Amino acid sequence: MAPWYIYIVENKLSHYYTGICTNIERRFEEHQSSGPKCARALKGKGPLTLKFSCKVDSHSEALKLEIWIKKLNKPNKIKLVNNCLCNAPLRNTLGEDKNHDK
């Protein structure tokens, strides 16, 4: 079974978009392209920056965490991105692999 990822993308307006996928590089490229597979909330709002990424064990867990993140206010999302949110059930592992800023 392929791992799932939860991610946060920031657009040129400094708005955060949260999503889940099984291949973070492919999904970020789809968002960057503003093509048919790009999220409607991100179309025409580039450049985009991948701010947060975390690998999770299952689709179910990814969905639950996505909902949890979407309920956070912006200051707490920023803390989550910076690994400074107390008692967060996940942490940003983006810098541990490679830089995804484009």
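Here is a yes/no grid of residues against (1) touching a helix residue (DSSP H, G or I) at 6+ places or on another chain (Cβ under 7 Å); (2) of a type outside the set (Lys, Arg):
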site: TRP4; (1), (2): yes, yes
site: TYR7; (1), (2): yes, yes
site: GLU29; (1), (2): no, yes
site: LYS37; (1), (2): yes, no
site: LEU50; (1), (2): yes, yes
site: LEU72; (1), (2): yes, yes
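Please go through region 2-25 and give me each residue that is more than 13 Å from the chain's Cα centre (by Cα) and on the phi < 0 side of the Ramachandran plot, ordered by number.
Result: ALA2, PRO3, LYS12, LEU13.
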Restricting region 15-48 to residues that are hydroxyl-bearing (Ser, Thr, Tyr) and modelled with pLDDT of 95 or more, the one nearest to ILE78 (Cα to Cα) turns out to be TYR16
Can you tell me how many residues within region 77-91 are β-branched (Val, Ile, Thr) and touching a Lys or Arg at 6+ places or on another chain (Cβ under 8 Å)?
1
Can you run down the residue pairs with Cβ atoms below 8 Å, 6 or more apart or on separate chains, where the first is in region 51-79 and surrounded by 13 or more Cβ atoms within 10 Å (Cβ to Cβ) and the partner is among the acidic types (Asp, Glu) and not in a loop (DSSP other than H, G, I, E, B)?
LYS51/GLU10; SER53/ASP97
Are any residues in region 36-50 buried (at least 18 other Cβ atoms within 10 Å of the Cβ), outside any strand (DSSP E or B) and touching a residue at least 40 places away in the same chain (Cβ under 8 Å), and if so, which ones?
LEU48
The residue that is farthest from LYS79 (Cα to Cα), considering only those in region 1-14 that are in a strand (DSSP E or B) and of a type in the set (A, V, I, L, M, F, W, C), is TRP4
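The values are calculated or read from the model by the stated rules, or taken from the named source; none is laboratory data. Not measured: the values here are computed from a predicted model. With ideal geometry, Cβ positions are generated from the backbone for all residues, glycine too; neighbour counts draw on all protein chains shown.
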